[in-house]
Every structure is written in structure tokens, then in C-alpha cells.
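Asker: Here it is, the structure, as C-alpha cells.
The values are calculated or read from the model by the stated rules, or taken from the named source; none is laboratory data. Quantities reported herein were computed from a predicted structural model and do not represent experimental measurements. Every residue, glycine among them, receives a Cβ derived from its backbone with ideal geometry; neighbour counts consider all protein chains shown. Just the protein is used for accessible areas: all its heavy atoms, side chains included, with ligands, DNA and RNA removed. Shrake-Rupley method; radii C 1.70, N 1.55, O 1.52, S 1.80 Å.
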Amino acid sequence: MHIYFSSVYGSTRQYAEELARRLGTTAQEIPDPAEVSAAAAEGPIVVLAPAHGPMNAAAKFAKALPEQTIQARPTCVVTVGMTLDHVVQETDPTAELLGDRASHIKRFYLPGRLNYSELTPAHAGVMRGIIGALKLKPRKSENERSMIEMYKKDTDRVDLSRLDEIVAWCEASENK
């Protein structure tokens, strides 16, 4: 079992460390994909990363793994974000990022934390632009209205109980 993560503001690290604790292993920063196939020859691969617009370090990592690694080892990508649960389940944006690998990689989504008080100036500027554009949009989706509502508010949706389904997947995958 190998748990890798990328975290910007801490909620993904929190999930990764708790998942590792529950599974009796350790979580580590996402390595170079070439190191994984050589260094870790067995057990599931779990990669967690936040969604930042169209960027997801976990999906990028999973796409870069050698094909034989994906075929030989159960792999899952866990995306942490602020999109409403039912919206992300309906749209499954990680599948699109994974491309033709999506059918071989299990995907999970976990709610994260967005503390405006901790944003870098660049990230705060991006969010200001996004929210400004959304406010001008005539017909807003439920998710867009949620983003506007959360603007400049520290919002913590981290729910460690949501790791239960990932733990179950990992345990079932180890026994394959």
C-alpha cells in the first residue's frame, strides 16, 4: 500500500495522514512517477491532491505512471475540493483529466477546506476574478452560487468519516 499526496493549504495532507494511520502505513509527498514503479512493486497506489481549477496533481501523477504499473496494481485518485458533492459525482471531472486511464483508476472525491485568510496573494486574486465573473453571470448553477456565498469566508468541509469508503477500497484491493 502506497499513499502519496500533494497539499496546498493542508486539508489534503490531513486526509492523507489520517488514511495512512487507518491503514497502518505512511503518507508521502507525490514522487516522480518513475520512482513508484521501481520502488513500490506491490499493493494499491492511492494518490490524493486538491483540485485547483483544471489542475489536479494526483491525476497528472496517475497519467504519468507506466502503463504496466496501472495494469498490475490497483490505483485510485482522490480529489479534494470545494465543489458540491452531487455536482462532482454527476460530472466526474477527474475522469476527463485521466483520459483513457479513467477506466483503470478508481476515483474518489472528498470535501476540503478553503480558508480565504490563508490564501496567497496570487490565489486570492484568481478567486476575486472568478467570483467577479460569476456574479455577472445571469443564470448561475447551484455550485456557482455556493462559490459566491463562500467568497472571503473561511470554509471547512473536511469530513474524515468520508475516508471509510477509501479504506474499504484499499483493503479489498490488497486482497486481490
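Asker: Collect the residues in region 142-159 that are under 16 Å from the mean Cα position of the chain (by Cα) and open to solvent by 50 Å² or more (accessible area, probe 1.4 Å), keeping them in residue-number order.
Answerer: Scanning region 142-159 gives Asp156, Arg157, Asp159.
To keep it simple, each residue is scored yes or no on (1) touching a Gly at 6+ places or on another chain (Cβ under 9 Å); (2) assigned to a helix (DSSP H, G or I); (3) farther than 15 Å from Ser173 by Cβ.
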residue	(1), (2), (3)
Ala16	no, yes, yes
Pro31	no, no, yes
Val36	no, yes, yes
Gly43	no, no, no
Val46	no, no, no
Ala58	no, yes, yes
Lys63	yes, yes, yes
Gln71	no, yes, no
Cys76	no, no, no
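Asker: Something else now. Those residues that are without any contact (Cβ under 8 Å) to a residue 24 or more places away in the chain, under 17 Å from the mean Cα position of the chain (by Cα), farther than 23 Å from Glu171 by Cβ and surrounded by fewer than 18 Cβ atoms within 10 Å (Cβ to Cβ), I need them from region 78-120; list them, please.
Answerer: Passing the criteria: His86, Glu90, Thr91, Asp92, Ala95, Glu96.
Asker: So His123 ticks every box in (1) modelled with pLDDT of 95 or more; (2) under 20 Å from the mean Cα position of the chain (by Cα) but one. Which box is left unticked?
Answerer: For His123, the failing item is (1).
Asker: Can you confirm whether region 51-62 contains a residue that is open to solvent by 50 Å² or more (accessible area, probe 1.4 Å), touching a residue at least 40 places away in the same chain (Cβ under 8 Å), basic (Lys, Arg) and out of contact with any Lys or Arg (no Cβ under 7 Å at 6 or more places or on another chain)?
Answerer: Looking through region 51-62, none of the residues is open to solvent by 50 Å² or more (accessible area, probe 1.4 Å), touching a residue at least 40 places away in the same chain (Cβ under 8 Å), basic (Lys, Arg) and out of contact with any Lys or Arg (no Cβ under 7 Å at 6 or more places or on another chain).
Residues checked against (1) in contact (Cβ under 8 Å) with a residue 12 or more places away in the chain; (2) in the same structural domain as Val88 (by the TED database); (3) open to solvent by 60 Å² or more (accessible area, probe 1.4 Å); (4) not in a strand (DSSP E or B):
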| residue | (1), (2), (3), (4) |
| --- | --- |
| Gly129 | no, no, no, yes |
| Lys135 | yes, no, yes, yes |
| Ser161 | no, yes, yes, yes |
| Ala168 | no, yes, no, yes |
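Asker: Could you please give the count of residues in region 137-159 that are within 29 Å of Glu17 (Cβ to Cβ), among the aliphatic types (A, V, I, L, M) and assigned to a helix (DSSP H, G or I)?
Answerer: So the answer is 2.
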